[in-house]
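Report on the structure given below.
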Amino acid sequence: MSSTDLNGVAVESVDAAVSGAAANTIELTNVSRWYGNVVAVNDVSMTIGPGITGLLGPNGAGKTTLLTMMAGFLAPSRGQLTVGGKPSWRNPGVFRVLGLVPERDSVYAFLTGLDFVRSTARLHGLADADAAARRAIGIVDMGDAQDRRIATYSKGMRQRIKVAAALVHDPAMLLLDEPFNGMDPRQRILMMDLLEQMARDGRTILFSSHILEEVERISGTIQVIIGGRLAASGDFRAIRRLMTSRPHVFLVRSSADRQLAAALIGRPAVTGVEITPRGVSVRAADFGTFTRELAGLCRDSGIMLREVLPSDESLESVFAYLVAS
């Protein structure tokens, strides 16, 4: 199978064994990693497929260890980990389909941005390393600074040149550890737009970030690691609705808020009602039961329902609940 980079530069054909569905899938089965008596990752199973997935967890939860194992720099102490259908450990060929942006700076400050990305292109054996490097640098909007030494770059600029190096061979999968660190708002928007476009093109993107608003904007799918274990996996809104021990909070606006509040009091699914300047704040024990009953209640009471907003279904709320539990 042959492919081209993001701007049409031809790259080496990849092995047929990593073609098809497996070519852009990362699979972990009962993976653990320990350092002496310290367990960094504990029996984690997950599948990362096409699209954008956010890897979340408190500091020291095991996120970087997971990414390092996926990139083939650490062997699992137990379990199986494959990238593109093949084990990543002791398999340098995995980087034909994988791009990595580590959190720590992995750049040589005395090189120019172009030198750095071009050297990466040469390591990948690209036929025209210079053209591939210039195109990758253009993708991250670093063309004006490509001839400056990396020592003169800001933190955000160094992040972007690292992304350019990771993209130079047009990988099917991309691992990013805190990719937005040091970027100003314009740079963050540019990077988020780029990741979204790559996901639409069918690439697999896994990134860790402590900036939950950014994860929420570009990825509804999350993998949450707490204490080395996988605490939750999937769409964060669906995860929130499964948290039956946490009441759901809704803001409801209607044509008669006081009448609606009175009608809601005493309903089996409702645990609390409060009238606020913005509408009726409702605490419900069950998401599905409340949302199904609300429309019928308004209809029977002659109340026009204008808006129903889950007010604690943000990624920040879900993450806080998972960490607290």
Among (1) farther than 17 Å from Gly113 by Cβ; (2) among the charged types (D, E, K, R); (3) at pLDDT 90 or above; (4) buried (at least 18 other Cβ atoms within 10 Å of the Cβ) - the single one Arg160 does not satisfy: (1)
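Results for (1) farther than 26 Å from Val97 by Cβ; (2) touching a residue at least 40 places away in the same chain (Cβ under 8 Å); (3) not assigned by TED's automatic domain parsing to the domain that holds Leu176, shown as yes or no for each residue.
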| site | (1), (2), (3) |
| --- | --- |
| Arg200 | no, no, no |
| Leu206 | no, yes, no |
| Arg217 | yes, no, no |
| Ile265 | yes, no, yes |
Of all residues making up region 83-103, the number that are touching a residue at least 24 places away in the same chain (Cβ under 8 Å) and either at negative phi or surrounded by fewer than 16 Cβ atoms within 10 Å (Cβ to Cβ) (or both): 12
Pairs, first farther than 14 Å from Asn42 by Cα in region 64-82, second surrounded by 16 or more Cβ atoms within 10 Å (Cβ to Cβ) and basic (Lys, Arg), C-beta under 8 Å, six or more apart: Leu74/Arg33
Count of residues meeting criterion [at pLDDT below 85 and buried (at least 23 other Cβ atoms within 10 Å of the Cβ)] in region 167-214: 0
Residue match in region 125-140 (condition: in contact with a Lys or Arg (Cβ under 8 Å, 6 or more places away or on another chain), free of Cβ contacts under 8 Å to residues at least 60 places away in the same chain and either assigned to a loop (DSSP other than H, G, I, E, B) or not assigned by TED's automatic domain parsing to the domain that holds Asp177 (or both)): yes
Some residue of region 8-25 being at pLDDT 95 or above and touching a helix residue (DSSP H, G or I) at 6+ places or on another chain (Cβ under 8 Å): no
Which numbered condition Asn181 misses (of (1) in a loop (DSSP other than H, G, I, E, B); (2) in contact with a strand residue (DSSP E or B) (Cβ under 9 Å, 6 or more places away or on another chain); (3) not basic (Lys, Arg)): (2)
Residue within region 53-74 that is surrounded by fewer than 14 Cβ atoms within 10 Å (Cβ to Cβ) and assigned to a strand (DSSP E or B) present: no
Matching residues in region 244-273 - criterion: being of a type in the set (Ser, Thr, Tyr), part of a loop (DSSP other than H, G, I, E, B) and over 16 Å from Arg306 (Cα atoms): Thr244, Ser245
Of all residues in region 275-325 being more than 34 Å from the chain's Cα centre (by Cα) and acidic (Asp, Glu), the one that is surrounded by the most Cβ atoms within 10 Å (Cβ to Cβ): Glu293
Residue in region 73-89 that is farther than 30 Å from Asn59 by Cβ, assigned by TED's automatic domain parsing to the domain that holds Asn42 and over 20 Å from the mean Cα position of the chain (by Cα) present: yes
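The values are calculated or read from the model by the stated rules, or taken from the named source; none is laboratory data. Fair warning: this is a prediction, and the values are worked out from it, not measured in the lab. Here Cβ is always computed from backbone atoms with ideal geometry, including for glycine, and neighbour counts include all displayed protein chains.
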